[in-house]
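Quick notes on the structure that follows.
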Amino acid sequence: MSEQQSTTITVLGAGYVGLTTATLLAHAGYTVYAVEPNEARRTIIQSGKSFFYEEGLSPLIKSAIDANHLIVTDSYEDSIPHSSIVIGAVGTPDNPDGSMNLSYVFSAAQQAASLMNDNAIFVQKSTVPVGTGKKIQEVFAELQKNIFYVSNPEFLREGTSVHDTLYPDRVVTGSDKLTAANKVLDLYKNLAEHRDEIAKIAGIKPVKQKTDSQYIATKLASAELIKVTSNAFLALKISFANSIAKLADSVDADIVDVMDAVGADKRIGRAFLNAGRGYGGGCFPKDVSGLIASSLENGVDFDIMQSAQTVNQSMPGYIVEKLQNSVGSLAGKTVAVLGLAFKSNTSDVRKSPGVSIANILIASDATVRVYDPEAAEEATLDLHSRATIADSIDEAIADADAVIIATAWNDILSYPAESFAKNMTDPVLFDAVNSYDRVAAQQAGLTYLGVGRRAS
Ligand code: UDX
């Protein structure tokens, strides 16, 4: 029997991270229980599908379920006692004051620990503030359980979670017990052995990696800090780009040209320097505020992160203001917002800039029509009730005075400039992701505006 076949794993929580991890480890040969309390979600997964939009995940779920390598349950009792590794991937929602609600993290760990065998490993995959692992270890000690705690931060991006898990830049584990940290790294090394065949089932392109993934085992607190530091640094890059974009708007420079040249410096890199409507999603906003809170708690001054957050929060309003400067008062004008997901290729609308832009437009008395190919339904909760949801781009932009592209979906970016011009009254195209073909827009007679750029 191979090591994989003899190892049973339980994953707690079948969200973006948990379901992807559980499914892929099942394909690496492990028997994996995915514990999900939500019945509707369980029913969908059981039928061989993902309940959220994620490229390649559904076919992998289906074949893992059919092979009985992935078992979906709501029961800790039926799964945990059989498992030598338990992976926590439960949600960390926001508290009303913006801080992270860790109650699910603690209750999942506590409940799991009471059922775990001695010498089993508890792996933390939920993103938690630095120091959380230490507190959970105290809970284990109170229960008089000899359980090894390993932090295993998750770096997958939504929309490309299968790809990112199969072909990671690095896998990080952190623990007070190095053997446990290494044991968790072995899961991913085994997964890497199968990655090309798994990619095939998923229908995603196998990648020839220039360099192998790095496998890093370190101290517990270091691993916890690595995750939030990575995300905070990327958020910092975005807010830096957006600050330069505001300056570019004032001095009539073009932010895309600026960042192309700046990013060509290998020490800086071009990634995450795309100016636009700012970052959203379930990770960056939360990780940035989490890092600010951890710093304050530890008496460390972190103004730079505070500023990054302020800049980000200013972007939707900045965009509406720039539109107003171009078209005059928005009262009575019709504006179409194309894109409600926080980024393309996901249906996730958490902290979505597109939704904020729509709501600010409504507060400015504009009539607002919104469109998103995947996220319209999820967005209804956060959208102002006066926003009208359109089923197509054509419907959203019909006789509109302006269009704002808020998510870089392919079908929005490839929508012909002539069709925008034909369907709209006073054709202003605000490209809030700086990704639409500006020349085509201009040639079609549209007034093109971007963030830190405009038509020349
Ligand atoms: C992020 C991290 O990339 C990932 O490693 C971590 O595990 C989870 O958080 P994700 O939230 O899925 O992943 O999205 P990502 O692709 O990183 O984009 C985050 C936000 O930044 C999106 O709203 C995106 O539109 C925005 N963004 C990204 C920019 O505004 N400009 C950029 O240049 C890049």
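The single condition among (1) under 20 Å from the mean Cα position of the chain (by Cα); (2) at pLDDT 95 or above; (3) crowded, with 22+ Cβ neighbours inside 10 Å that Leu25 does not meet is (1). In segment 256-292, the qualifying residues are those that are basic (Lys, Arg) and near the ligand (Cβ under 10 Å from one of its atoms), and the one that is surrounded by the most Cβ atoms within 10 Å (Cβ to Cβ) is Arg277. Would you be able to say whether some residue in segment 295-303 is closer than 23 Å to Pro129 by Cβ, in a helix (DSSP H, G or I) and at pLDDT 95 or above? For segment 295-303, residues closer than 23 Å to Pro129 by Cβ, in a helix (DSSP H, G or I) and at pLDDT 95 or above: present. For segment 330-366, the set of residues classified as touching a Pro at 6+ places or on another chain (Cβ under 6 Å) and buried (at least 24 other Cβ atoms within 10 Å of the Cβ) consists of Pro353, Ile357, listed by residue number. Within segment 340-367, being under 22 Å from Gln309 (Cα atoms) and assigned to a loop (DSSP other than H, G, I, E, B) holds for Leu340, Ala341, Phe342, Lys343, Ser344, Asp348, Val349, Arg350, Lys351, Ser352. Taken as a whole, the structure places Glu77 among residues that are surrounded by fewer than 18 Cβ atoms within 10 Å (Cβ to Cβ) and at pLDDT 95 or above. Of all residues in segment 103-142, those that are surrounded by fewer than 20 Cβ atoms within 10 Å (Cβ to Cβ), over 20 Å from Thr10 (Cα atoms) and not basic (Lys, Arg) total 4.
Just checking, does segment 107-126 include any residue being part of a loop (DSSP other than H, G, I, E, B), within 22 Å of Arg350 (Cβ to Cβ), among the charged types (D, E, K, R) and free of Cβ contacts under 8 Å to residues at least 40 places away in the same chain? So far as segment 107-126 goes, no, none of its residues is part of a loop (DSSP other than H, G, I, E, B), within 22 Å of Arg350 (Cβ to Cβ), among the charged types (D, E, K, R) and free of Cβ contacts under 8 Å to residues at least 40 places away in the same chain.
Of everything in segment 293-317 that is of a type in the set (A, V, I, L, M) and under 21 Å from the mean Cα position of the chain (by Cα), the residue that is farthest from the ligand (Cβ to nearest atom) is Ala293.
No other residue among Gln309, Gln324 is touching a residue at least 40 places away in the same chain (Cβ under 8 Å) and either more than 22 Å from Pro96 (Cβ to Cβ) or of a type in the set (Asp, Glu) (or both) apart from Gln324. The helices (runs of 4 or more DSSP H) falling completely within segment 1-104 that include 1 or more residues that are in contact (Cβ under 8 Å) with a residue 60 or more places away in the chain map to 3-6, 16-27, 57-66, 76-79. Look at (1) surrounded by 21 or more Cβ atoms within 10 Å (Cβ to Cβ); (2) in contact (Cβ under 8 Å) with a residue 60 or more places away in the chain; (3) closer than 13 Å to Asn434 by Cβ and you find that Ile244 fails only one, number (1). Taking into account only those residues within segment 28-68 that are of a type in the set (Ser, Thr, Tyr) and over 16 Å from Glu197 (Cβ atoms), which is modelled with the lowest pLDDT? Selected residue: Tyr53. The condition (being touching a residue at least 60 places away in the same chain (Cβ under 8 Å), out of contact with any Leu (no Cβ under 8 Å at 6 or more places or on another chain) and under 21 Å from Val451 (Cα atoms)) is satisfied by just one residue among Ser352, Ser344: Ser344.
The values are calculated or read from the model by the stated rules, or taken from the named source; none is laboratory data. Note that the structure is predicted; figures quoted are calculated from it, not measured. Glycine gets a Cβ as well: all are built from the backbone with ideal geometry, and neighbour counts include every protein chain shown.
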